[in-house]
1. Mind running the shape call on region 91-233? Use the C-alpha gyration tensor, a ≥ b ≥ c as the square roots of the eigenvalues: rounded below 1.5 for a/c, prolate if a/b tops b/c, oblate otherwise.
2. At 1.4 Å probe size, put 91, 178, 208 in order of accessible surface, largest to smallest.
3. State, in angstrom, two size descriptors of region 54-172 derived from its alpha carbons: Rg to one decimal place and Dmax to the nearest whole number.
4. What are the aspartates and glutamates whose alpha-carbon lies under 18 Å from the alpha-carbon of residue 90, with same-chain residues fewer than 8 places away excluded?
5. Note down the accessible area of residue 223, probe 1.4 Å, to the nearest 10 Å².
6. Using the Cα centre of the chain as origin and beta-carbon charges of +1 (Lys, Arg) and -1 (Asp, Glu), tell me which of 103, 203, 186 is placed farthest towards the positive end of the dipole.
7. How large is ³J(HN,Hα), in whole Hz, for each residue of region 4-14 in order, when computed from phi with the Karplus curve 6.51 cos²θ - 1.76 cosθ + 1.60 and θ = phi - 60°, using x for Gly and Pro?
8. Compute the separation of the alpha-carbon centres of region 59-133 and region 155-222 and state it in Å as a whole number.
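The values are calculated or read from the model by the stated rules, or taken from the named source; none is laboratory data. Small disclaimer: the values here were computed from a predicted structure and weren't measured. Note that we place each Cβ from the backbone using ideal geometry, even for glycine, and neighbour counts take in every protein chain shown. Please note that ligands, DNA and RNA were not included when accessible areas were found on the heavy atoms of the full protein model with its side chains. Shrake-Rupley method; radii C 1.70, N 1.55, O 1.52, S 1.80 Å.
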Amino acid sequence: MLPQARQWLRDARVVAVLTGAGMSAESGVPTFRGPEGLWKQFRPEELATPEAFARDPLLVWEWYDWRRRTIAAVTPHAGHLALAALEKVKEDFALITQNVDGLHDAAGSRNVLKVHGDIWRLRCTRCRREWTCRDAPLASLPPRCDCGGLARPGVVWFGESLPRDVWAKAEEAAERCEVLLVAGTSAVVYPAAGLVPLAKRAGARVIEINREQTPVSAVCDASLRGPAGEVLPALIAEV
Ligand code: BV8
Ligand code: ZN
């Protein structure tokens, strides 16, 4: 499987990658649906929603502050670095991520399409101003805008639509690519998971990197079982 997957990747001029929370697991960031995905007995689907934020902005901000502190303390692993190296040797490359942690940017990836937003961005719920804030922990919770309005995390919650321009670029990348790498995602969250069958229908070779089987494993041309921090460097070395 690996030699064939390496050959497809070597021969490809146009490459796209889709990553999920499993990409950050070996850096020490808990995944959403793994055993460690709970926070104070809440599931992400219960907190990452506009309703939860409207009901209890402080609770939601305590969760995001905890995640920001966790992320601020970790570094990208060899898998992130391998993807950044791959981008440098491919003429046409796009990295689509569902992750909001910024670890791909920290690893040196350039064309990063954050389809679910960015945990380091804040947006004012009153004046809509948006800014980057890397304070971990945040000085006070919930954070406020200069205008006095309540700030929210600059991420896409369940029930919210994805940023239109970023999503359009992600769809275009999935349609154009000759090879799509799908790393560390359970492929249950839509519309992001729909990028995999979309790439397949458009004629791409799809290579999955995951510890476990997922709902898209069946449509993949190669499904490499193992941790992204080990499999991606082996897949990408000397490509
Ligand atoms: C929308 C940002 C509509 C916030 C996130 C029923 C059916 C289908 C769809 C729906 C449905 N009901 C509702 C929906 C829509 C919903 C959805 O898909 N729900 C799911 C749960 C069924 N989607 C939405 O609401 C989206 N919006 O549809 O809007 C609309 C349309 C037009 C106009 C208005 C509205 C918005 C979805 C975005 C939600 N935001 N995150 C934040 O981060 O705080 S989603 C969240 O889940 C994260 O972004 C995360 O990345 C994403 C997906 O999870 P994964 O990344 O895959 O992580 P997970 O833990 O699940 O899996 C980890 C994987 O890694 C596993 O496979 C594991 O085996 C593997 N792994 C672990 N360790 C390793 C590893 N692999 C390799 N190496 C390792 N070391
Ligand atoms: Zn404001």
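1. prolate
2. Ranked list, largest accessible area first: 91, 178, 208.
3. Looking at region 54-172, its Cα Rg and Dmax stand at 15.6, 48 Å.
4. List returned: 11, 105, 172, 175, 178, 238.
5. Rounded to the nearest 10, that gives 20 Å².
6. 103
7. Couplings: 5, 4, 5, 5, 4, 5, 4, 7, 7, 9, 10 Hz.
8. 17 Å
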